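S.K.: Let me begin by handing over the structure; questions about it come next.
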Amino acid sequence: MRHALCSFLPCVFMGVVAAVEGVASAGEPPHAISGPRETSTLASSLRRARQARDAGRWVEAAAAYELSLKAADAAWTTDAERAEIAAELGLCELALGRYRDAADHLAQSLRHRDALRGGLAERAEEGLKKAERRVVTFYLGVNPPDAEVLVDGKAPGRPAPTYELFLEPGHHTVRARLDGHTDAVSSLEGQAGGRLSLTLKLLRAPERGAPQATGGGPVRAADPAARPTVPVTELRIGGAALATAALGAGAVFLMRADVVHDNLAERDVVFRGRGWTSSTCWWPNAPSACAEIRDDVAERDLFATLGKVALATGAVFGIATAASFLAEGWLLDETPVRGGVHVVPSPTGTQAGLVLQGVW
């Protein structure tokens, strides 16, 4: 019995350990499980890639570097290591004339330019310039940023607010879609070496379904012809703007007339000190200053008349705008909105304006 118990306890212990390891491994990311295997695959593929690159076998080198990049994404590698692999892959693709893929990988590597060693950054930068002369550089912005983007039916990567893409010259279709929003679609035509930019904004889709009747009778659709289609709000805003402009102009004209009148009054005091009378300018040999006085009088009268006309015009527009709120119920067969905007003109002898009361 004691021997059986001693044999049973180690089995129980091993079972508990296996269960704990199984739970712990289930919570780890997939690359943690395959880390050693992927690391070995990465090392061997990198070795083959470098040998093929040094021998000038670009097809074999590109395939090996591509396999290395996939293994690096799954293994425990740093951004610097992945940037170096992407740069070497892009240079191989450039040698093969695969300019779009080359531009994509070289731009990816240069996002970590400081991590590239041994002149690789300079070679990658020069290679990217050569590749960009053969492709279309496309900058895309998306709002909302979590929308799915499809370029010619293919997703360029994970959703992001902005994209830097490299496309073949020619016609392309860009689509962005997101649940609850209408799709945004655009077409573009690019030439080799060109740069294009586009922003897609998705609008919220209207709610589905029509309102249901709360009573037993049928729901009657509203008749558009039953109500006059008068742009009331636009007319009110225009009326208020015209009233303000007219009242402001009238105030300026009257102020100018007051200035000229004050100048005439000062001259009158000076000339009367010299012995002038009200009939001096009517003499046959009237002084030359009389011509200037007549011009000033004509200017004063002109500005005074213009000011009065402008004030009257502004008052008319202001009153008409204010009356539109009172007449709303008569025109549209509704009760006037008591919480609307009330426009009251406020002109004086030297100032003019409008008083707005309510909520826009």
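No value in this document is a laboratory result; all are computed from the given coordinates. It should be emphasised that the depicted structure is a prediction, and the values quoted were computed from it without experimental measurement. Don't worry about glycine lacking a Cβ; one is built from the backbone with ideal geometry, like all the others, and counts go over all protein chains shown.
S.K.: Residue 308: which aspartates and glutamates have alpha carbons under 15 Å from its alpha carbon, excluding same-chain residues fewer than 8 sequence positions away?
M.R.: Cα-Cα hits under 15 Å: 258, 299.
S.K.: May I pose another question? Given labels modelled 7 Å from the Cα in the Cβ direction, how far is it in nm from residue 152 to residue 50?
M.R.: It is 3.5 nm.
S.K.: Sticking with this one: Under 5 Å between amide hydrogens, which residues at least 5 positions from residue 134 or on another chain qualify, with H placed 1.01 Å from N in the peptide plane?
M.R.: 193
S.K.: Quote the FRET efficiency, to the nearest 0.05, computed for residue 302 versus residue 173 with a Förster distance R0 of 56 Å and r equal to the Cβ-Cβ distance. Don't skip to the end; give the middle numbers.
M.R.: Working: r = 65 Å, r/R0 = 1.16.
That gives a FRET efficiency of 0.30.
S.K.: Quick check on the range 135-206: of the DSSP beta bridges with both residues there, what percent are antiparallel, nearest 5%? Could you put the intermediate results ahead of the total?
M.R.: Values: 19 of 26 bridges.
Approximately 75 percent, going by the DSSP bridge assignments.
S.K.: Quick one: 293, 319, fewest Cβ neighbours within 10 Å first, how do they rank? Intermediate values should be presented prior to the final figure.
M.R.: On the way: 293 18, 319 15.
Lowest count first: 319, 293.
S.K.: Now, a different point. Taking residue 201 as the anchor, which lysines have their alpha carbon closer than 27 Å to its alpha carbon, excluding any fewer than eight residues away along the same chain?
M.R.: Hits, sequence-local ones excluded: 154.
S.K.: Sticking with this one: Once you order the gyration tensor axes a ≥ b ≥ c over the Cα atoms, which shape class does the range 135-206 get: rounded for a/c under 1.5, otherwise prolate or oblate by comparing a/b with b/c? Walk me through the numbers on the way to the answer.
M.R.: Numbers: a/c = 2.26, a/b = 1.96, b/c = 1.15.
Taking the square roots of the gyration eigenvalues as a ≥ b ≥ c, the range 135-206 is prolate.
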